[in-house]
Structure formats: C-alpha cells, structure tokens
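First comes the structure, then the notes that go with it.
Just so you know, all these numbers are worked out from the coordinates, no wet-lab data involved. These numbers were taken from a predicted model, which means no experiment stands behind them. Because the Cβ atoms are built from the backbone with ideal geometry, glycine has one as well, and the counts that use them run over all protein chains shown.
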Amino acid sequence: MTVFKNARFISCEQENRIFSILVEDRGRIAFCGDEMPAQYAACPVIDLGGKAVVPAFADTHIHFASHALFESTLDVREAANFAQLGQMLREYEERTKKQKLTICFGCCAHTVEEGRLPERGDLDLYTTRPTMIVKYDGHAGVGNSALVESLPEAVRSDPGFDARTGWMTQNAFYEGVNFMTAQISPLSILAGLRKTADAMARRGIALVHAAEGVGYKNDIDLDMMRFAARWLPQDFRIFFQTMDVGKVRKRKLPRIGGCFKLALDGCFGSEDAALLEPYANNPENRGFLTYTQEQVDRFCIEANRQGLQIAIHAIGDAAVEQALTAFEAAQSDCPREDARHILIHACLMNEAQQARAAALRLVIATQPAFLYWRHEPQAYLDSILGEGRSYAAIPLKSWVEKGIAVTAGSDAPCTIPDPIQSIYCACNHPNPGESLSALDALRMHTAWAAYSSFDEGRRGTLRAGLLCDFAVLSGDPLAMPAERLDTLQVEALYLRGKRYGSKRRGLAGKP
C-alpha cells in the first residue's frame, strides 16, 4: 500500500475532479481525495512535488508489430533527398550483411528536395539487394529492380502494380507486403517489441489498441503478438485485421478489424481515399472503394451476429458512407444495445453522417497528429481536397458535441506514438471551431479510450477501484495556454502503483 501526495490529480471522469492525495493498494486505487483517512497514516508516502497527474494514456489505433519492425529496421523519413536516402540504404546494408532483403519505411514527396517519390530506377542507383520502401502513410510501396523481378504473379498482374516505376498501390501493395513479410522471421519482429513498448511507456502509454495481422502464413504474426503482449508492460487490446470471422472466433477474440483487409478505401497521400465528390485537382478521380457495399454489409452482419466489436478503416466520406450503411445493416439484422463498433480515421464526415454515427453509438478512433503532419502539409490537402473540405477534416468538436465517443491513436508507424503532441494538435485544430478543450483532449487519450474497448471498469480515470496507472506531467494541461501544450513532458509512468522502468521481467517487464 502506498500513499501518493502533494500532486494535482486530474481524474478525467465525466464530472472531473481535482484532488491531492491518492492511495494505492495491491495495484488499484483505494482512495482519492484531499484529506488523508486515518487508516493510511502509517503507509509509505511518495511526494510528487506538486506535479499534475493524469490517468495513463492510451493509443487506440496502432500497428504495433509493424511499428516495432520498422523501429528495428530502417526509417527513411528524415532523408532530405534521394542521395541521403541512398546513403541510409547503404549504411543499413553494411550493418545487416546477412539479410537477404530490405524493407524500410517513410518515403514522402513532401519532405525531399526532389519533390517526388522515389522510383525503381532511383533505388537501383543505391542497392542491388531486394528492397521495398513503404510510403509514409502505409498504403503504398516501391521496390527496386531486384525486388520487382522476384515478385509473385499476384502482385505483377494486379492493376495497382506499375512495373516501370516499381510502385505498388491498393491491392498490389497488400499482396506485396504479404510477399515481403513472409520472408521476414517473426522473431526479428519479436526482438523489437520491447524497445517499442519501452518507448511508448516513456510517453505515458499504458493501453494499446493494436491492429495486427498482415499476411504471414497461418497468421503466425497475429498469434506471436498475442503471445508477446503477455510480457509487455502495456495492456493490449488486439484487433485481428481479417474479414474471416471464423479465424477470430477460433482464437476466442472479441474484436475484429483495423486496416489492411478492413481498409474500405485508400488515403489522401495516394489520392485514393474514396470521396463523394471528385478530388479538387482531378475531376475524374473520386478515389476507390476496396469492396462492394454488399461485401461490407455481409461482413458486418456476420461479425455483429457473433458478438464481435468491429473496427473499420474509412478515410474519405464515400468510405464513411459505406461503413455507416454496413453498420446500420448489421444493427437492423441483429440489434445490439452496446456494440461500440469503431470507425477508424473518418477524416471526412459530413453532418448527416455524423448524426448517423451518433445514432449508432459508434466510436471514432481518430489521429489528431494528422492535423499537423509534415508528410501531408495543409497546402497539399488544400490542393487535392479544396480548402473547404480540408478545413472540415477531422471535426473533433463536432463529434464530441454530438455525443460520439472519440479516441486518439497514432496509426504508427505513420506517426510516432506521442499523446502529448496529439493533445496539442486536438486543442489547436487548424479550424479553431473544431478545437477541443484540454480536458476533452485528455479524455480522448484516457477515459474515452478505455470506454472504447470496454475497459472503463478497469482503467481510464482516477477513481477508487480502478488500476493505479497514471502519468506524472511536467506541467498542468488545464492551467496552461493551448499553444504551449506541446511543451509538456511525461516525467514518469506508474503502472499498478509502481514506477515503470526500474525493474523488468520477461520481454519488457509486465508489472
């Protein structure tokens, strides 16, 4: 039993409370208030020095194993030009001489001097090892000639494959990822999990909604992640990225979805997110829908009948429309009072669609970091969407005011998991009318995140009976200007009442 005192504890409950004393007993909160009950007078005391304390954070949409893979391979996002990218490839090959292929992450047209994406011929100048670079948004990839010449027919015959440039988009990309990941030992991913978990813990993250499963034979990557999660410090809620309900039921998982097989459309970076109206820079382009409405309806109906929580990727408003229609069909077929199905991203969502989402009691798992994403600058979004649509993207306050549960994630490896930066973005929306209060931004990462995975009786707020998981901050987010929220730092993470980082067991030391 431990007493934590001299802090400004922010509960993040619906009726938010501020108090100065918290008592932990066997990993749970036993008391919180401002006057110490007599029965705790003899307990060990930790003085938190007047710091602000919030519930530990969550990341409600991350491709954890993929993020760990790229953290342990090569990230080229910082390359300023193709020559620097090439130097990174050469240095990586020198460090990994035994590897037979290279898969790396992060090429972007907006961050290199050339102002375009690298192609097959560009990569051939720097490497002869089969190499794939996944685009920064995780929805396309490019290969050098050594890779292109080894690709299976499933990739080479797909309309999304361009043999001249080496680029793979849409289904060709997913098939290409299947081909590449099948050649990477899951053990190499396993080795990076601890490093990734530690990095997230240092940023105050204790709950992870992980979208897993990218095509390994027999879904060994999904099962590896389920196994590894037992020894990682965070609590994991795993979403299996498949449309095969039988696979999920076989593993007795309560959730299905994510991106990959559950991506209804593409993304803005490839200009293939599905839109109701054409792209501003191309009146012939409305993006693409991966599936027919009938296919999505059929999947949602089956998964809903099985009592699963469904999470679906939809970025453009046409994809959002398809998802809403499918969720409505599922609820009409088998009404469930508290299904908490999830829309991932939902970047473009008109007023009528927001009202339908509220009526369905959907959760929206959004990514505030996308609002200030240097890989998709505002000028680029204005050019492809038009200023009206780009200004209306990710309408945080509108969602909250309609009573929709909104949660925040990183979509890593697309952005780095960083709740403080995410809170800053949510409170400083490019459209000021869609900015959130600091308290609501905190709730996106704590209370509402816990609710979205049915964990509100276990974590997400600071109240008696819940896990004693909290983050100590360098300043008080409720008492500082919104424009300074990005100066906050996580100074410590406590899990089950113990400060994380001093002792570890297993892969990363689950307390």
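Numerical summary
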quantity	calculated
Stretchable slack from residue 387 to residue 47, in nm (0.36 nm times residue separation minus alpha-carbon distance)	117.4 nm
Cβ-based net charge around residue 74, under 13 Å, with every Lys or Arg adding one and every Asp or Glu removing one	-2
Nonlocal amide H pairs with residue 500, under 5 Å, H built at 1.01 Å	493, 494, 495
Listed residue pairs exceeding 23 Å between alpha carbons, taken from 5/195; 100/247; 195/247; 217/247	5/195; 100/247; 195/247
Those aspartates and glutamates that a straight Cα-Cα span of less than 20 Å connects to residue 97, excepting residues fewer than 8 apart in one chain	71, 75, 124
Amide H within-cut-off set for residue 74, under 5 Å, with H built and near neighbours excluded	105
Where labels lie 7 Å past Cα in the beta-carbon direction, separation of residue 98 and residue 128 in nm	2.3 nm
Region 248-288: trypsin sites (Lys or Arg not before Pro) in DSSP loop, at most 16 other beta carbons within 10 Å	251, 252
Extension gain from residue 294 to residue 13, taking 0.36 nm per residue of separation minus the Cα-Cα distance	97.1 nm
Angle in degrees between helix 317-333 and the longest Cα principal axis of the chain, rounded to the nearest 10	60 degrees
Estimated FRET transfer efficiency when R0 is 41 angstrom, pair residue 252-residue 75 (beta carbons, to 0.05)	0.70
Projected label distance in nm at residue 40 and residue 218, using a 7 Å step from Cα toward the beta-carbon	5.0 nm
Karplus (6.51, -1.76, 1.60) ³J(HN,Hα), θ = phi - 60°, over region 58-71, in Hz, Gly and Pro reported as x	10, 10, 9, 7, 8, 8, 4, 5, 5, 4, 5, 4, 6, 5
Using alpha-carbon coordinates, inclination of helix 351-360 to the longest axis of the chain, degrees	60 degrees
Other-chain or far-sequence residues with amide H under 5 Å of residue 274's (modelled H)	266, 288, 315, 316, 319
For the chain, with +1 on Lys and Arg beta carbons and -1 on Asp and Glu, the positive-most of 105, 448, 460 along the dipole	460
Shape of region 64-181, Cα gyration tensor, a/c cut at 1.5	rounded
Within the chain, longest stretch clear of exposed GluC sites (Glu not before Pro) (DSSP loop, no more than 11 other Cβ within 10 Å)	338-511
Relative contact order of the chain, defined on C-alpha pairs under 8 angstrom at six or more residues apart (%)	19 percent
Full-extension gain in nm, residue 439 to residue 474, via 0.36 nm per residue minus C-alpha separation	11.0 nm
Loop trypsin sites (Lys or Arg not before Pro), region 1-36 (other Cβ atoms within 10 Å of the site Cβ: 13 or fewer; DSSP)	26
The chain: calculated mean residue ellipticity at 222 nm from DSSP helix runs of at least 4, using -39500 (n - 2.57)	-9000 deg cm²/dmol
Tilt relative to the chain, helix 293-305 - C-alpha long axis, 0 to 90 degrees, to 10	30 degrees
Considering only the chain, percent of DSSP beta bridges that pair antiparallel, nearest 5	45 percent
Taking 422, 150, 398 and counting other C-beta atoms within 10 Å, the order from fewest to most	150, 398, 422
